[in-house]
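The values are calculated or read from the model by the stated rules, or taken from the named source; none is laboratory data. Bear in mind the structure is a predicted one, so any value in this text is a computation, not a measurement. FYI the Cβ positions are ideal-geometry reconstructions off the backbone, even for glycines, and counts take in every protein chain you see.
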């Protein structure tokens, strides 16, 4: 049974992807900051497959170690999905509190890199790392300086990991706009009901996980369209 670590998987895209992999009989190690939501997700997924759920913050060393220890000696897939938006409403970069910026980078960049460092010795040839990025990594949206720059740095880290590990598949993927809590937090007071659900991005992620596309940066919706054609 293949095994995946998926961070930020109590709701949104992480939970939607975990459901899809559970249906495909992947063993899962999942996490989230909120213990109650994580327990609910673990019960649902546990009806389909083997699940270990560990509540905590990926920005903490001990928590990352616990996730990888729970996975054991063989990790086929790491999905760095957990992300931190930063202050809401989001401030201009010229007035961004530096302590908040440091926290955003710790979760969105340093944690994925640190988890990759722990997982790489346990990953077989052909294994995959999927780093969830954003269009804000390439488009300079006003007010998105903290989140967007952290995701741009994650894109570059993904590309470097790919160059250094040609035996693996290392992806940075933009899931597109989604109707999630984090997107709602990014637009406080606005109606985001017109955004598609995170489940619409899952086929694109599965195309990467189950396929043989070369390492690189992809858009999930484009991959889903190709897969459906």
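A few remarks follow.
- Residues located in the stretch 128-161, provided they are touching a strand residue (DSSP E or B) at 6+ places or on another chain (Cβ under 9 Å), in a loop (DSSP other than H, G, I, E, B) and surrounded by 20 or more Cβ atoms within 10 Å (Cβ to Cβ): 133, 134
- Hey, residue 190 at pLDDT 75 or above and over 16 Å from residue 136 (Cα atoms) or not: no
- Residues that are touching a helix residue (DSSP H, G or I) at 6+ places or on another chain (Cβ under 6 Å), in contact (Cβ under 8 Å) with a residue 40 or more places away in the chain and outside any strand (DSSP E or B), drawn from the stretch 1-10: 8, 9
- Hits in the stretch 169-187 (condition: in a loop (DSSP other than H, G, I, E, B) and either closer than 30 Å to residue 126 by Cβ or at pLDDT below 65 (or both)): 175, 176, 178, 179, 180, 187
- Test result for residue 65, touching a helix residue (DSSP H, G or I) at 6+ places or on another chain (Cβ under 8 Å) and either over 25 Å from residue 207 (Cα atoms) or at pLDDT below 95 (or both): yes
- Within the stretch 44-85, the set of residues being in contact with a strand residue (DSSP E or B) (Cβ under 8 Å, 6 or more places away or on another chain), assigned to a helix (DSSP H, G or I) and within 23 Å of residue 209 (Cα to Cα) comprises 45, 67, 68, 70, 71.
- Complete set of residues in the stretch 11-36 that are closer than 16 Å to residue 81 by Cα and assigned to a helix (DSSP H, G or I): 12, 13, 14, 15, 16, 17, 18, 19, 20, 21
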